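The values are calculated or read from the model by the stated rules, or taken from the named source; none is laboratory data. Just so we're clear, the structure is a prediction, and the values are computed from it rather than from any experiment. Virtual Cβ from ideal backbone geometry, glycine too; neighbours counted across all protein chains shown.
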Amino acid sequence: MAGRGALGLGLAPALAGLAACAPAPVRIPVEQAEQVCMVQALDARAPRTQVGLGVGSHGYRGGFVSVDLSSDQILGRAPSEIFNRCVQRRSGQMPTRTLYEQPGWPAS
């Protein structure tokens with residue numbers, strides 16, 4: 001049993017060294033992060049749906065219905081929460097304006 005403890009203690013510095021080699025997260029300017037994160041916030045707002053119907057000279061050929069839900073929608077996360085977390089993760093800072101004040105956010 002004593003051998004196992006010694007082996008574990010011998011690996012600890014090596015594992016700590018490997019953890020130190022992990023790349024630091026790449027940070028982008030907060031303004032750029034706000035633009036990138038707008039897409040995630042829009043995806044969390046409502047499900048995306050597509051409907052297709054095929055009709056040819058010989059009549060009906062087929063169709064489809066597609067509904068895309070993000071995991072954020074399923075978990076009930078608010079778009080503003082998603083936006084704030086995304087901007088902070090990518091830039092290391094909080095957004096300069098709220099999601100609802102961002103250019104491009106639909107005013108509905």
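Any residue at all in the range 72-90 that's in a loop (DSSP other than H, G, I, E, B) and in contact (Cβ under 8 Å) with a residue 40 or more places away in the chain? No, that holds for no residue. Regarding the range 48-58, can at least one residue be identified that is over 15 Å from the mean Cα position of the chain (by Cα), modelled with pLDDT under 75 and surrounded by 11 or more Cβ atoms within 10 Å (Cβ to Cβ)? Yes, that holds for at least one residue.
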